[in-house]
1. Go through the stretch 79-98 and give me each residue that's out of contact with any strand residue (DSSP E or B) (no Cβ under 9 Å at 6 or more places or on another chain) and over 15 Å from residue 50 (Cβ atoms).
2. Can you name the residue in the stretch 117-147 that is under 26 Å from residue 167 (Cα atoms) and at pLDDT 80 or above and is also surrounded by the fewest Cβ atoms within 10 Å (Cβ to Cβ) among such residues?
3. From (1) crowded, with 24+ Cβ neighbours inside 10 Å; (2) at pLDDT below 95, pick out the condition that doesn't hold for residue 155.
4. With the stretch 163-235 as the region, which helices (runs of 4 or more DSSP H) entirely inside it contain at least 2 residues that are modelled with pLDDT of 90 or more, touching a helix residue (DSSP H, G or I) at 6+ places or on another chain (Cβ under 8 Å) and buried (at least 20 other Cβ atoms within 10 Å of the Cβ)?
5. Could you please give the count of residues in the stretch 88-106 that are under 19 Å from residue 71 (Cβ atoms) and outside any loop (DSSP other than H, G, I, E, B)?
């Protein structure tokens with residue numbers, strides 16, 4: 001009787017030891033990154049709160065599309081990147097507070113999301129990708145010099161990486177200008193303007209969830225390309 005009890009206790013202790021040492025994996029495969037050091041992405045959904053930005057013919061406000069695209073982009077990137085938003089809801093955030101939030105982090109990239117307005121006027125279906133330059137290639141911007149100037153080459157590289165993916169199915173242009181928003185950010189930074197809210201087709205397209213998802217996927221693939229990371233990680 002004592003021997004049987006001893007064997008039962010021994011078996012129980014062995015089972016407990018195995019359970020403790022066995023690695024736990026409860027459906028975490030999809031959320032596990034193959035990268036140990038996740039790069040930082042600052043996502044800046046343009047406008048917000050009292051600042052609606054442009055308003056489309058369908059009634060869609062630019063601030064709302066920008067936030068929807070930002071969250072779609074986060075879903076594509078969160079597994080392999082550290083994501084920080086300059087705003088996460090419908091509230092106003094000034095240029096200085098956005099730049100301060102970005103600059104409180106280090107060694108990342110900054111992507112400001114917008115919809116077509118000034119630069120894409122009358123160009124339905126187009127995307128524009130802008131990066132900071134104190135010597136603008138296009139438009140009549142005043143020349144200024146800010147902290148982002150030292151990141152111009154990497155900002156241009158980031159713009160080109162996203163351009164290479166977006167341009168496969170869209171008309172995309174890259175240009176530089178002394179953007180005040182980008183100029184205040186101490187890391188590679190770009191602004192993306194999607195489509196045109198003022199065209200009948202664009203105003204409908206920008207409200208469609210599939211369009212938002214496809215746009216987010218293309219931008220994500222461009223970011224992976226910039227960091228020379230495996231694009232197959234994107235879902």
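The values are calculated or read from the model by the stated rules, or taken from the named source; none is laboratory data. Note that the coordinates shown come from a computational prediction; the quantities given were computed from them, not determined experimentally. Neighbour counts run over all protein chains shown; Cβ positions are idealised from the backbone, glycine included.
1. Once the filter is applied, which keeps residues that are out of contact with any strand residue (DSSP E or B) (no Cβ under 9 Å at 6 or more places or on another chain) and over 15 Å from residue 50 (Cβ atoms), the stretch 79-98 yields 79, 80, 96.
2. Per the stated criteria, the residue is 126.
3. With respect to (1) crowded, with 24+ Cβ neighbours inside 10 Å; (2) at pLDDT below 95, residue 155 is out only on (2).
4. Working: elements: 180-183, 200-205, 209-226.
By residue number, 180-183, 209-226.
5. 3
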